[in-house]
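First up is the structure itself, then whatever we jot down about it.
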Amino acid sequence: PGFVEGHRTIQLAGGTLVYVPVDADGLQTDVIESLCAERPIRAVYVISHHHYPTTVSLSAARRMQLLDLADRHGFAIVEDDYDYDFHYASSPLLPVASSDPHGAVAYVGSFSKTLAPSLRLGYIVAPQALIEQVALRSRYTDSFGNTAMERAVAMLFTSGDLRRHLKKALATYRARRNAFCERLQTDLGHALDFSVPEGGLAVWARLKPPFTLDALRASTAERGLHVPTSDAFSSVPQDAIRLGFASRTREETQAMLDLFVASFERIR
């Protein structure tokens, strides 16, 4: 499973996708090592902090193995860290890029989760040669960017307002996560297998038999709830679902969960 839009971007750039499994410790780097022995690998795309859609974090040991493989086999690492700021249990893991001694990592992110989804402003931390090539190519799609918005966000950094905003947002999202997961466990523990995420803005849940994603989608549709098919996050069909908890108030979320729980009762 992975971020399908990221996969499509690679394909649009002429890349050929090779999928790598994900488990509780993140991307399986032993599989990457085996692939490197079979064929040349140009780059590895990894969501290291809160993998999409499973929310797992890449373990420290696998981070170091990934960097070692990049050095030995000469591939680049594109590290997508889309919600680094939201970690509830402890301090966030440092990015893979922070331990990169050879300039193999292009670290990318955005302010869509930090400030607002409509704020289409991103950033990249990478070797200078790559930055220059990205800047050159971006001229053909967006010559000037949004300079006014970039300056406004820069002011939020320098004034300290962004740090204060993140502190409040983190407390809000932690409370929403706790209430959301408590309701899931209480009313749907018999139907869903999930772990309370240590960070991020969503829960990854697998449906327990006899419940299936197709049956759930049909039941929720009758109640006005949309559940996407698994091809929204995976090349392999599976009975799993990603449930966001951050974008609505507790009252709105509870109303949605009332409908969600009722959908499972209808399946039975």
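The values are calculated or read from the model by the stated rules, or taken from the named source; none is laboratory data. Note that this is a predicted model, so its numbers are computed, not measured. Virtual Cβ from ideal backbone geometry, glycine too; neighbours counted across all protein chains shown. The accessibility values were calculated without ligands, DNA or RNA, using every heavy atom of the protein model including side chains. Shrake-Rupley method; radii C 1.70, N 1.55, O 1.52, S 1.80 Å.
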**Complete:** In vacuo Debye sum over C-alpha of the stretch 113-188, base-10 log of normalised intensity I(q)/I(0) at q = 0.14, 0.19, 0.22, 0.26 Å⁻¹, listed in q order, is -0.70, -0.94, -1.08, -1.22
**Message:** Please give me, ordered by residue number, the chymotrypsin sites (Phe, Trp or Tyr not before Pro) of the stretch 1-73 that lie in loop per DSSP and have at most 15 other Cβ atoms within 10 Å.
**Reply:** Tyr19
**Prompt:** Ignoring ligands, DNA and RNA, what accessible area per residue does the chain give at 1.4 Å, in Å²?
**Reply:** 57 Å²
**Prompt:** Which of Ser143, Ser195, Ser34 moves the most in a Gaussian network model of the chain with Cα springs under 10 Å?
**Reply:** Ser143
**Request:** Restricting things to alpha carbons, tell me how big the stretch 16-148 is in terms of Rg and Dmax, in Å.
**Result:** 15.7, 48
**Asked** Ranked highest first by average number of other Cβ atoms within 10 Å, how do 60-73, 111-124, 154-167 line up?
**Response** 60-73, 111-124, 154-167
**Request:** Give the span of the chain's Cα atoms along each principal axis, as three whole-Å numbers ordered largest to smallest.
**Result:** 57, 51, 37
**Message:** With bins 5 Å wide starting at 0, give me the P(r) of the stretch 22-90 over every alpha carbon pair, in whole percents.
**Reply:** 4, 17, 28, 25, 16, 8, 3, 1
**Request:** Compute the acute angle (0 to 90°) between the alpha-carbon long axis of helix 147-159 and the principal axis of greatest extent of the alpha-carbon atoms of the chain; round to the nearest 10°.
**Result:** 80 degrees
**Choice from Pro95, Pro210, Pro21 showing the highest fluctuation, given a GNM over the chain with Cα pairs closer than 10 Å** = Pro210
**Request:** Pop out the carbon and sulfur fraction of the accessible area of the chain as a percent, whole number, probe 1.4 Å.
**Result:** 54 percent
**Mean projected area (nm²) of the alpha-carbon convex hull when the stretch 129-260 is viewed from all directions** = 12.2 nm²
**Message:** Under a crude label model (7 Å from the Cα following the beta-carbon direction), how far is Ala232 from Ser195 in nanometres?
**Reply:** 2.3 nm
**Asked** Helix 250-267 versus the longest principal axis of the chain: what angle, 0 to 90°, nearest 10, using Cα atoms?
**Response** 60 degrees
